[in-house]
Amino acid sequence: MESVDILIKNANELVTLQGKNTPRTKHEMGQLSIMPHGSIAINDGTIVAVGNDVRVTAEQVIDASGKTVIPGFVDPHTHVVFAGSREFELDMKLKGHSYMDILQQGGGIFYTVGQTRKASVPQLLKESTRRLDTMLAHGTTTCEAKSGYGLDTKTEVKILQTQNTLNQRHPIDIVSTFLGAHAVPKAMNADEYTNIVIDEMMPAIQKLATFCDVFCEESVFTPKQSQRILEQGKTHGLIPKIHADEIIDTGGAALAAKVGAISADHLLRSSTKGLREMANKGVIGVLLPGTPFSLMMSEYASARTMLDLGVSLALATDLNPNCWIENMQFIVQLACVKMNMTPAEALTAATFNAACALGMQHTVGSLEKGKQADVLVLDCPSHKFLPYRVGVNLVSTVIKKGTVLYGSKQP
Ligand code: NIG
Ligand code: FE
């Protein structure tokens, strides 16, 4: 009998998400390929067998009777590297100040830019590691991380270098995005700053990031400026992503389709036309329900319309000082309760489609032979408990690349 490192056996539900290896939409998002009483064998950090009849001897056996086994969460939109906090903005939001009011008064992103410029690299590593630890404990095994709290070349490089160091040191796999165009520094106009992003920052950061992102929004970057930045990014090998139509519809969804972005994120106010163009071009919609939640808004992105139009949806936390959410389970809950996604659709969006939004679906996002062994054991009998049993951590074991990082070691 074959001998392996870990056998997780007899899960009440083994949620494999096996299926086609391209982004899923419409009815495909509800198909989880669940194996009742399934087992999974792991060796050398890789999944070596998945099934109902896995016959191996294992160094470590995890009995998952009565539990649910799912792929590790992939969080495809975070701003995890920042210094300080903005808890004081809560009172301002309660008094009715909008996100843009706070930003234009020099708060919001600008406040965090000030804190992050001042922070040393060891301080940034320490503060960000604490957040990554919390993410991991709640089941996130892969994430994206954006720069953007520098707004000058020196600090943007510092943030991206910090992200690369964290990727080496922390068990979570971290993929970097350059978001130099996160806001326009007070002393400049948007065209002047766009030139700095393109001429000065891009050559300095090109080896430090995989993706390029822009906050395309009224009073921030116009679609024209955003297009220039994303097209220039492509010449440096950076794959486009975009913060699109978060506050008003500026045509961000259509721009994502035009530049061939891998994803367009937020999409609260996108037009049907823009969404249709995304669907035609296969741009993934990354929905961030934690953001309207943190902004105390009543409106959320129209997930059902997007699915009807054939947009593939992923979910992410948008972890940042305005929306300090490390836990993808909470995002799955919001997706169901506030955006009418089914538990199965939300789980596909938080795992397989989220991996697609990072171009990583060949290694993570589903439980299949040959994929990286990023696996969660949930202390509940069905994936349907994820959006149902709220306010606790349902993850009892986290396995990252075949190493048990959280959870009880069982004989
Ligand atoms: O995705 N909208 C722009 N950027 C972030 C917020 C950043 C901040 O407020 O610090 C977002 O929501
Ligand atoms: Fe964001």
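Selection of segment 103-120 for residues being assigned to a helix (DSSP H, G or I), out of contact with any helix residue (DSSP H, G or I) (no Cβ under 6 Å at 6 or more places or on another chain) and open to solvent by 20 Å² or more (accessible area, probe 1.4 Å) yields 104, 110, 111, 114, 115, 118. The residue of segment 364-408 that is least open to solvent (accessible area, probe 1.4 Å), among those that are in contact with a helix residue (DSSP H, G or I) (Cβ under 8 Å, 6 or more places away or on another chain) and polar (S, T, N, Q), is 366. Looking only at residues in segment 191-226 that are more than 16 Å from ligand 1 (Cβ to nearest atom) and buried (at least 19 other Cβ atoms within 10 Å of the Cβ), the one that is nearest to residue 177 (Cα to Cα) is 209. Taking (1) in contact (Cβ under 8 Å) with a residue 40 or more places away in the chain; (2) farther than 18 Å from residue 259 by Cα; (3) assigned to a helix (DSSP H, G or I) in turn, residue 304 satisfies each apart from (1).
Of 326, 299, all but one fail to be in the same structural domain as residue 143 (by TED's automatic domain parsing), under 16 Å from the mean Cα position of the chain (by Cα) and either surrounded by fewer than 24 Cβ atoms within 10 Å (Cβ to Cβ) or within 16 Å of ligand 2 (Cβ to nearest atom) (or both); the exception is 326. Of the strands (runs of 3 or more DSSP E) lying entirely inside segment 1-75, the ones with 3 or more residues being within 16 Å of residue 383 (Cα to Cα) are found at 2-15, 34-43, 68-71. Within segment 227-242, the set of residues being within 23 Å of residue 268 (Cα to Cα) and open to solvent by less than 10 Å² (accessible area, probe 1.4 Å) comprises 229, 230, 240, 241, 242. Residue check: residue 98 meets all listed conditions (1) on the phi > 0 side of the Ramachandran plot; (2) within 16 Å of ligand 1 (Cβ to nearest atom) but one, namely (1). Within 26 Å of residue 70 (Cβ to Cβ), in a strand (DSSP E or B) and β-branched (Val, Ile, Thr): is that true of residue 142 in this structure? So residue 142 fits the description; yes.
The values are calculated or read from the model by the stated rules, or taken from the named source; none is laboratory data. On a predicted model such as this, the values are computed, not experimentally measured, just so you know. Quick reminder, even Gly has a Cβ in these numbers, built from the backbone with ideal geometry, and neighbours come from all protein chains shown. Note: accessible area is taken over every heavy atom of the protein model, side chains too, but ligands, DNA and RNA are not part of it. Shrake-Rupley method; radii C 1.70, N 1.55, O 1.52, S 1.80 Å.
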